[in-house]
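The values are calculated or read from the model by the stated rules, or taken from the named source; none is laboratory data. Predicted, not measured: the structure shown is a model, and the values here were computed from it. Note that we place each Cβ from the backbone using ideal geometry, even for glycine, and neighbour counts take in every protein chain shown. We work out accessible area using only protein heavy atoms, side chains counted, and drop any ligands, DNA or RNA first. Shrake-Rupley method; radii C 1.70, N 1.55, O 1.52, S 1.80 Å.
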Amino acid sequence: NTPITQLIANPSSGVWSGDPAVTAAGLFNPSLSGIGDFPIDYVYQDANGCTIDKTMNVRVEAFPTLNTMDTSIVCVGSGTVSLEDLLITNVNPSGGMFSFFLNNDSVPDMIDLQDYNVSNLPVTIVYNRNLCEVRDSAFIEFIEKPLLTITTDTTLCIFDTLFALSASVNGGTWSGSG
């Protein structure tokens with residue numbers, strides 16, 4: 001989606017040629033060239049009849065794609081989270097730069113979760129690669145951490161039968177020796 005671009009040479013009174021996407025005056029139209037690398041020639045002849053011929057390459061890349069999660073959920077509190085890791089599911093081609101706007105405020109990739117209250121905030125993701133820019137939007141839902149209570153410390157005899165551990169929140173994983 002880059003507009004027609006004026007190619008520049010010095011001295012400027014030469015003639016451009018090569019791909020049909022370039023005019024003799026050096027206007028390059030990427031929508032005519034398609035995607036790829038295109039050799040473009042520039043020929044200049046001075047007042048003494050000396051000719052200089054140079055070739056340059058113009059690369060036209062495909063427009064990047066960006067796919068994000070519609071809504072991501074994080075717990076408020078301590079710790080940091082990478083917005084790129086939290087929100088981005090796919091970007092192609094890679095190698096560009098991300099910018100994030102949370103509730104219309106520019107924020108870094110790493111945000112501190114203690115800076116946010118329980119809320120549902122809009123986030124805009126901007127991805128720039130070379131001269132191409134694409135945007136997407138999503139929501140981040142900041143929620144309270146669930147209250148977790150577990151079985152109190154217990155002393156057992158080695159010959160006791162199985163002892164059931166309990167937690168107030170389902171889905172966790174118990175670990176430790178024993």
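Ratio of Rg to Rh for region 16-98: 1.33 [Cα atoms; Kirkwood radius as inverse mean 1/r over pairs].
For region 117-124, 3J(HN,Hα) computed residue by residue from phi via the Karplus equation (6.51, -1.76, 1.60; θ = phi - 60°) reads 9, 4, 5, 10, 10, x, 10, 10 Hz, glycine and proline entered as x. If R0 equals 41 Å, the separation of the Cβ atoms of residue 106 and residue 41 corresponds to a calculated FRET efficiency of about 0.40. Between residue 161 and residue 54, the simple label model (points 7 Å from Cα in the Cβ direction) yields a spacing of 8.9 nm. Measuring spread by the Cα atoms of the chain yields a radius of gyration and Dmax of 29.4, 107 Å.
Surface exposure of region 1-137, expressed per residue as accessible area with a 1.4 Å probe, stands at 61 Å².
Solvent-accessible surface (1.4 Å probe) assigned to residue 8 amounts to roughly 150 Å². Estimated at the nearest 10 Å², the accessible area of residue 97 is 130 Å² with a 1.4 Å probe. Computed extension length for residue 130-residue 170: 9.7 nm, one decimal, from 0.36 nm per residue of separation with the Cα-Cα distance subtracted. Ligands, DNA and RNA left out, the 1.4 Å accessible surface of the chain is 53% carbon and sulfur atoms.
In the chain, helical runs assigned H by DSSP with n ≥ 4 each contribute -39500 (n - 2.57); averaged across all residues and rounded to the nearest 500, the mean residue ellipticity at 222 nm is -1000 deg cm²/dmol. Put the Cα centre of region 158-173 next to the Cα centre of region 3-27 and the gap is 75 Å. By the gyration tensor of its Cα atoms, with a ≥ b ≥ c the square roots of the eigenvalues, what is the shape of region 125-167: rounded for a/c under 1.5, prolate for a/b over b/c, or oblate? Because a/c hits 1.5 or more and a/b exceeds b/c, region 125-167 counts as prolate. Remark on region 102-178: ratio of C-alpha radius of gyration to 2.2 N^0.38 Å is 1.95.
Could you compute the longest span of the chain free of chymotrypsin sites (Phe, Trp or Tyr not before Pro) located in DSSP loops and having at most 12 other Cβ atoms within 10 Å, not counting the site residues? That gives 1-158 as the longest site-free run.
Lys/Arg Cβ at +1, Asp/Glu Cβ at -1, dipole of the chain taken about the Cα centre: which of 56, 137, 25 is farthest positive-ward? Comparing the listed Cα positions along the dipole, 25 ranks first.
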